Amino acid sequence: MLKPLQALALLLAGLSAASCGYRLDGALNPAMKDVHSYAVDMFQNSSFHPEAGLMVTTALTDRLERSGTMRLRSRGQADCTISGRVTGVTRNSLRASTRDSLISSEIGLTINVEYTVLDNRTGKEIVKGHVSGQASFFNNDLGSVQTAEQNAISYAARQAADDIVTDLTLP
């Protein structure tokens, strides 16, 4: 039997958790209310970077698993399938070299992703959207520019995946 002080403490803890946005009932997006499991198709890639689609697919699967709102299933057993396409990876100069203004010392990178969520039971589109992730890397003599760019694309893919998860789980 709970004592009045313990009951009050539990009530306050529950109210404070609710005020922080924590919920125990799964997906919050109204369009996703009947979705309890998902499958993720390999994202197509229309960018110059050969692994961008794989990076987004991996990051999205990881982020959805961590969110705990839905369970990962095979396509035949899932309530919905998430698919998409990396539409581009763009670079832009953020900072010029102090030795030569035509050389970038810091390079910004943006990955653009389109995604669609299809209801496997009805075949209808549930959610469709476009997100982008951004990162930057340095072009210097201290390390491999290719490795730095690869890491930046991976980081931007994780940001894009976070935005997709946000779109699917928040109203």
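Points worth noting:
- Selection status of Gly84, modelled with pLDDT of 95 or more and open to solvent by less than 50 Å² (accessible area, probe 1.4 Å): yes
- Tally of residues being modelled with pLDDT under 95 and open to solvent by less than 60 Å² (accessible area, probe 1.4 Å) across the stretch 128-143: 5
- Any hit, the stretch 49-61, residues being touching a helix residue (DSSP H, G or I) at 6+ places or on another chain (Cβ under 9 Å), touching a residue at least 12 places away in the same chain (Cβ under 8 Å) and in a loop (DSSP other than H, G, I, E, B): yes
- The set of residues in the stretch 62-80 that are among the polar types (S, T, N, Q) and touching a helix residue (DSSP H, G or I) at 6+ places or on another chain (Cβ under 8 Å) comprises Ser67, Thr69.
- Restricting the stretch 50-77 to residues that are surrounded by fewer than 19 Cβ atoms within 10 Å (Cβ to Cβ) and over 23 Å from Ala31 (Cα atoms), the residue that is nearest to the chain's Cα centre (by Cα): Thr58
The values are calculated or read from the model by the stated rules, or taken from the named source; none is laboratory data. Treat the numbers as computed from the prediction; the structure is a model and nothing was measured. Counting neighbours? That spans all protein chains shown, and the Cβs are built from the backbone with ideal geometry, glycine included. Note: areas computed on protein heavy atoms with side chains; ligands, DNA, RNA excluded. Shrake-Rupley method; radii C 1.70, N 1.55, O 1.52, S 1.80 Å.
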